[in-house]
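K.L.:
Before anything else, here's the structure in question.
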Amino acid sequence: MNQCPIKLCECGCGNPPPLAPQTDKKRGWVKGQPIRFILNHHFKHPKYIQKSIEAHQTKAFREKERKAKLGSLNPNWKGDQIKMQSGRLRAERKFKISKCEKCGHKAHDRHHKNGNPINNESGNIQILCRRCHMIEDGRMNQLIKRITQKNKSKK
């Protein structure tokens, strides 16, 4: 008789897996030969379940995993070689909006004092409402000039 060698499940449990009932190239089975894993066995093994529960259910672990992918630790990190919009997005994540630093109304914008949106140091960011931000950038004066010019041209 042609007996196949005793093979153990490759998940590490030490149990012998069943013999393949049919040849299946997709799964890598050969009829009559032991299969590599006991089906769905390696996920149900208590050793793996316990490690998974301990590791992934703690807040500290999830926070550690999140921080491991932030900023310069991220493989896609570009440092200061970014577009202006990316600098604005970084400012949105870093500085939470509260009240306008000038007038005290509800703020909507983060103003970069030196005009460089890539520079997100705390000394360069000012939390402002939309009106104060437009005044600070000089856009309010431009808007007023355009409105007065349109009104003059209509008359």
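None of the figures in this text is laboratory data; all of them are computed from the coordinates on show. Predicted model, so just to flag it, every value in this text is computed and none were measured. Heads up, the Cβs are rebuilt from the backbone with ideal geometry, glycines too, and the neighbour counts pull from every protein chain shown.
K.L.:
Taking 7 Å along the Cα-to-C-beta vector as the label spot, tell me the residue 77-residue 121 distance in nanometres, rounded to one decimal.
P.N.:
So the label points at residue 77 and residue 121 sit 1.9 nm apart.
K.L.:
Now for a separate question. Quick check: pseudo-label points 7 Å beyond the Cα along Cα→Cβ at residue 33 and residue 106, how many nm apart are they?
P.N.:
6.8
K.L.:
Can you give me the distance in nm between label points at residue 137 and residue 23, each placed 7 Å from the Cα along the Cα-to-Cβ direction?
P.N.:
7.0
K.L.:
At a Förster radius of 35 Å, what calculated FRET efficiency corresponds to the Cβ-Cβ distance of residue 58 and residue 7, to the nearest 0.05?
P.N.:
0.45
K.L.:
If the chain between residue 96 and residue 67 were fully stretched, how many nm would it gain, using 0.36 nm times the residue separation less the Cα-Cα distance?
P.N.:
Stretched fully, the residue 96-residue 67 segment lengthens by 8.6 nm.
K.L.:
Right, something else. Give, as a single signed number, the net charge of other residues whose beta carbon lies under 13 Å from the beta carbon of residue 145, with Lys and Arg counted +1 and Asp and Glu -1.
P.N.:
That sum, taken over residues with Cβ under 13 Å, equals +4.
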